[in-house]
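Asker: Dropping a structure here in structure tokens format, bear with me for questions.
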């Protein structure tokens with residue numbers, strides 16, 4: 001990181017505050033009121049990543065969830081979650097259902113999970129950046145962004161919300177510095193990312209840091225070492241997208257998702273499940289906790 005930013009003390013995320021912003025559901029509601037999420041990724045050997053994100057989006061309350069998969073041998077249906085609508089990644093953004101959701105203004109795209117960095121993946125990120133949907137950029141979408149200055153310029157020109165979800169390695173690539181430098185000053189790193197890209201950002205890890213688009217800085221105290229497992233970041237990405245699709249501002253959606261994600265991991269740890277904890281289990285506990293928190297509020 002070449003530019004030093006004055007340190008501000010992060011505000012701990014407060015459960016009561018973040019759940020208070022979750023939209024209420026009227027009795028005569030229908031799925032169209034709760035938005036559409038498109039999850040894009042799944043290069044060969046990595047199809048599970050977008051499916052984990054999509055399942056999380058569905059179980060966090062998104063009305064409809066589409067999945068665009070890059071792998072040629074990708075499944076046509078998710079047998080564990082047949083409510084998901086599976087497509088070729090190359091067709092999903094132009095599909096009639098997603099185009100309709102964009103016209104209504106209640107759509108979110110989560111892109112990057114297991115996507116790879118080849119030209120096909122780069123084209124998908126370019127197309128996503130050109131949509132009017134809110135974006136959640138994770139994994140290889142961030143790695144592509146780090147190597148394509150033209151896409152960074154396109155990101156800065158967007159009017160609608162974008163959320164970046166880097167781990168320290170991805171943050172280092174985006175900031176053109178070493179991982180050690182990011183970890184030595186995580187507060188400065190997350191603030192620089194938010195300012196450089198004009199986005200909301202979560203710098204993942206122990207005590208994840210969230211920099212909002214309006215300049216606030218938060219620290220999350222939920223979560224535990226058991227969450228150091230494959231797919232956890234994919235689940236978080238799907239959660240953020242689901243909350244945005246349901247009408248939450250991107251900053252509020254980010255804070256709720258990060259706090260709830262860690263709390264679900266803590267609930268599992270209390271069941272003596274720290275070793276061998278899975279991302280799928282975190283999704284299930286997050287749904288249970290979300291409903292409990294909404295009921296309590």
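The values are calculated or read from the model by the stated rules, or taken from the named source; none is laboratory data. Not measured: the values here are computed from a predicted model. Note that we place each Cβ from the backbone using ideal geometry, even for glycine, and neighbour counts take in every protein chain shown.
Asker: Could you tell me whether any residue of segment 103-113 is surrounded by fewer than 19 Cβ atoms within 10 Å (Cβ to Cβ), more than 18 Å from the chain's Cα centre (by Cα), modelled with pLDDT under 95 and part of a helix (DSSP H, G or I)?
Answerer: Yes, there is a match, as at least one residue in segment 103-113 is surrounded by fewer than 19 Cβ atoms within 10 Å (Cβ to Cβ), more than 18 Å from the chain's Cα centre (by Cα), modelled with pLDDT under 95 and part of a helix (DSSP H, G or I).
Asker: Does residue 81 satisfy being closer than 21 Å to residue 280 by Cα and either at pLDDT 95 or above or assigned to a loop (DSSP other than H, G, I, E, B) (or both)?
Answerer: Yes.
Asker: Moving to a separate point now. Just checking: which of the helices (runs of 4 or more DSSP H) contained wholly in segment 117-159 hold 1 or more residues that are within 20 Å of residue 43 (Cα to Cα) and more than 17 Å from the chain's Cα centre (by Cα)?
Answerer: Counting at least 1 such residues, we get 119-129, 140-147.
Asker: Can you work out which of the residues in segment 172-192 that are in contact with a helix residue (DSSP H, G or I) (Cβ under 6 Å, 6 or more places away or on another chain) and closer than 18 Å to residue 220 by Cα is surrounded by the fewest Cβ atoms within 10 Å (Cβ to Cβ)?
Answerer: Checked segment 172-192; the qualifying residue surrounded by the fewest Cβ atoms within 10 Å (Cβ to Cβ) is 183.
Asker: Condition (residue is assigned to a loop (DSSP other than H, G, I, E, B), more than 20 Å from residue 280 (Cβ to Cβ) and free of Cβ contacts under 8 Å to residues at least 12 places away in the same chain) applied to segment 68-76: is it met by at least one residue?
Answerer: Yes; the residues of segment 68-76 include at least one that is assigned to a loop (DSSP other than H, G, I, E, B), more than 20 Å from residue 280 (Cβ to Cβ) and free of Cβ contacts under 8 Å to residues at least 12 places away in the same chain.
Asker: When you look at residue 127, is it touching a helix residue (DSSP H, G or I) at 6+ places or on another chain (Cβ under 6 Å), farther than 20 Å from residue 246 by Cβ and either buried (at least 22 other Cβ atoms within 10 Å of the Cβ) or modelled with pLDDT of 95 or more (or both), yes or no?
Answerer: Here the answer is yes, as residue 127 does meet what is asked.
Asker: Something else: Being outside any loop (DSSP other than H, G, I, E, B) and under 25 Å from residue 187 (Cα atoms) is the filter here; which residues of segment 7-23 pass it?
Answerer: The answer is 11, 12, 15, 16, 17, 18, 19.
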